[in-house]
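Asks: Shown below is the structure under consideration.
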Ligand SMILES: C[S@@+](CC[C@H](N)C(=O)[O-])C[C@H]1O[C@@H](n2cnc3c(N)ncnc32)[C@H](O)[C@@H]1O
C-alpha cells in the first residue's frame with residue numbers, strides 16, 4: 001500500500017469537512033506541488049500534520065486557500081479573443097436574445113466580468129444580467145470593491161482608463177460605479193453547487209485547467225445545461241473540449257462553443 005496516497009486521501013477528506021473545498025476535483029499532483037512550500041514553512045512532513053497546522057493557524061488556512069484557488073487574472077485576458085467577443089459573439093447573441101444573461105464562472109478579482117461589462121457599455125447594450133462567481137471569498141471581496149493597481153490595468157487602453165476608471169492615488173484606480181454595480185458577485189463552487197439556468201453567455205476561463213478529467217466532464221455538462229439553445233460558452237486560451245457533441249456543444253470559433261439541441 002502507498003502510504004503517501006493514504007495520507008493525502010485523508011487530508012482531502014478532512015479539508016472538505018473543515019473548509020468545504022473538495023480537493024478530489026483537482027489534479028493531485030498540482031495541489032501537492034503548490035502546497036509544498038507551505039508544508040515546508042510549517043515543517044510538516046506529511047499531509048496529516050499539515051492538516052493539523054491548517055486547523056490551528058488561520059493565516060495558514062488563508063494561504064492554503066490561496067494556493068488552491070490561484071487567482072491570477074487580467075482585464076481583457078487574451079485581447080484578440082475579447083475583440084472577437086465584442087465584434088462578433090456578443091452582437092450575434094444580441095440579435096438572438098433581447099436581454100442577455102451572462103455568467104463569469106471563476107471570476108477571481110472581477111477583471112473578467114468587468115471587461116465584459118465595459119464591452120457591453122461600448123456596444124450600447126444596457127439591458128443585461130451579469131453574474132460573477134468564485135469560491136474565494138477574499139477574491140470576491142476585492143472584486144466587489146473594484147480597486148486595482150496600475151500594473152493590473154496593463155490591457156486597458158488610455159481611452160478606457162479615462163472613461164471607466166477613477167484615479168484614487170498614484171498607484172490605484174477604481175472602476176466606475178456604473179460598471180461595478182452592473183455585476184452581481186456571489187459565492188459558487190463549480191464542483192458542488194447548483195448552476196444558474198437560462199444563460200446566453202458563460203465565461204469559464206482558466207478555471208477547469210486545475211480539475212481532474214472526471215470533474216471537468218461534470219462541469220462541462222452542467223455549464224452546457226445552464227446555457228439556452230444558441231448560448232455561448234467561452235473557455236480559456238489553453239482549454240479545449242474534446243467531444244463537445246457529448247455536451248450538446250458545437251465549436252464556433254477557437255475557445256467558443258455554441259449550445260445546440
Ligand atoms: C486563474 S483564475 C481565472 C480568473 C478568470 N476567469 C480569468 O481567466 O482571468 C481561477 C479562479 O477559479 C476559481 N476557482 C477554483 N476552483 C473553483 C471552484 N471549484 N469553483 C469556482 N471557482 C473556482 C479560483 O478561486 C480563481 O479565482
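Taken together, the values in this text are just the output of simple stated rules run on the coordinates, not laboratory data. None of the values given here were measured: they were computed from a predicted structure. Neighbour counts are summed over all protein chains in view; Cβ atoms, including those assigned to glycine, are modelled from backbone coordinates with ideal geometry.
Asks: Just check the chain against the gyration tensor rule for me: Cα atoms, a ≥ b ≥ c as the square roots of the eigenvalues, rounded for a/c under 1.5, and otherwise prolate or oblate depending on whether a/b exceeds b/c.
Replies: Details: a/c = 2.38, a/b = 1.41, b/c = 1.69.
Note, shape of the chain comes out oblate.
Asks: On to the next question. Need the C-alpha centroid separation for the range 20-63 versus the range 208-261, integer Å.
Replies: Taking the Cα centre of the range 208-261 as reference, the centre of the range 20-63 is 31 Å away.
Asks: Still on this structure, please answer the following. Would the range 151-251 count as rounded, prolate or oblate if I go by the C-alpha gyration tensor, calling it rounded below 1.5 in a/c and otherwise prolate when a/b exceeds b/c, oblate otherwise?
Replies: Values: a/c = 2.31, a/b = 2.11, b/c = 1.09.
Since a/c reaches 1.5 and a/b is larger than b/c, the shape of the range 151-251 is classed as prolate.
Asks: Now a separate question. Residue 28 label point, 7 Å along Cα→Cβ, cut-off 11 Å on backbone N: hits in the range 173-191?
Replies: Those under the cut-off are none; the list is empty.
Asks: Pull out the extension gain between residue 229 and residue 13, defined as 0.36 nm times the separation in residues minus the alpha carbon to alpha carbon distance; nm, one decimal.
Replies: Gain in length upon complete extension: 74.0 nm.
Asks: A further question on this structure: As an exercise, use a Förster radius of 22 Å and the Cβ-Cβ distance of residue 184 and residue 62 to find the FRET efficiency, rounded to the nearest 0.05. Intermediate values should be presented prior to the final figure.
Replies: Working: r = 25 Å, r/R0 = 1.13.
The pair residue 184/residue 62 has a calculated efficiency of 0.35.
Asks: Run the quick spin-label model on residue 261 and residue 154: label points 7 Å from Cα toward the beta carbon, then report their separation in nm to one decimal.
Replies: The answer from the label model is 4.4 nm.
Asks: Residue 138 to residue 46: FRET efficiency via 1/(1 + (r/R0)^6), r the Cβ-Cβ distance, R0 30 Å, to the nearest 0.05?
Replies: Working: r = 28 Å, r/R0 = 0.92.
Calculated value: 0.60.
Asks: Can you pull the one-decimal nm distance between simple spin-label points at residue 193 and residue 171, each 7 Å off the Cα toward Cβ?
Replies: The modelled label-to-label distance comes out at 3.2 nm.
Asks: Using Cβ counts within 10 Å as a stand-in for footprinting exposure, how do 187, 247, 210 rank, fewest first? Please report the intermediate quantities before stating the final value.
Replies: Working: 187 12, 247 21, 210 18.
Exposure proxy ranking, most exposed first: 187, 210, 247.
Asks: Order of 17, 214, 122 from fewest to most other C-beta atoms within 10 Å? Can you show the working numbers first?
Replies: Details: 17 7, 214 10, 122 13.
Lowest to highest Cβ neighbour count: 17, 214, 122.
Asks: Which ordering of 204, 107 is given by a fewest-first count of other beta-carbon atoms within 10 Å?
Replies: 204, 107
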